[in-house]
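Trainee: Below: one structure in structure tokens.
FYI, it's all coordinate maths here, none of it is from the lab. Because the structure is a prediction, the values reported are computed rather than measured. Positions of Cβ are generated from backbone atoms using ideal geometry, with glycine treated the same way; all protein chains shown enter the neighbour counts.
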Amino acid sequence: MILGDIVQQYRVVEELQQRLAEVPRDRKRSANDPYSEEVAQSQAEFEAEEAKLRSYIDELRRLGVEFKGPDGLCDFYSVMDGREVFLCWRLGEPEVQFWHDIDSGFAGRKPLPSRKGAAPAGHRN
């Protein structure tokens with residue numbers, strides 16, 4: 001599942017970024033300092049993992065899904081009562097159960113209206 005991959009990859013990138021942030025930037029290093037080589041390798045790894053994360057998010061976007069947060073929150077464009085809205089889902093929720101206006105974000109999240117008696121998608125009565 002691509003969203004699970006994104007959440008996992010986000011954690012990898014965040015961890016690498018935190019490790020690199022702990023490296024003193026003003027430390028003088030000689031050209032043959034093994035520590036310099038390790039930092040350069042870590043920086044290259046960070047850049048590769050960050051590129052991988054961007055590619056996952058781009059793939060999701062091409063499917064019409066907006067990635068909103070590292071907890072697996074995402075939005076899908078939809079139309080409700082004649083206006084564009086986002087359907088809102090978070091990794092781990094059993095199904096899409098919420099929506100919000102395009103400009104309100106997660107804070108404006110509301111339950112989807114109940115559709116009693118509605119047939120499941122793809123099923124005809």
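Trainee: Give me F106, F98 sorted ascending by neighbouring Cβ count inside 10 Å, so fewest comes first. Before the final figure, lay out each step's value.
Mentor: On the way: F106 14, F98 17.
By the 10 Å Cβ count, ascending, the order reads F106, F98.
Trainee: State, as an integer percentage, the relative contact order of region 2-63 based on alpha-carbon contacts under 8 Å between residues 6 or more apart.
Mentor: Across region 2-63, relative contact order equals 58 percent.
Trainee: Can I ask one more? If you project the alpha carbons of region 2-63 onto the principal axes, what extent comes out on each, in Å, largest first?
Mentor: 48, 17, 15
Trainee: With a 10 Å radius around each residue's Cβ, average the other Cβ atoms per peptide and rank 5-14, 73-82, highest first.
Mentor: On the way: 5-14: 16.5, 73-82: 13.7.
Answer by packing, highest mean first, reads 5-14, 73-82.
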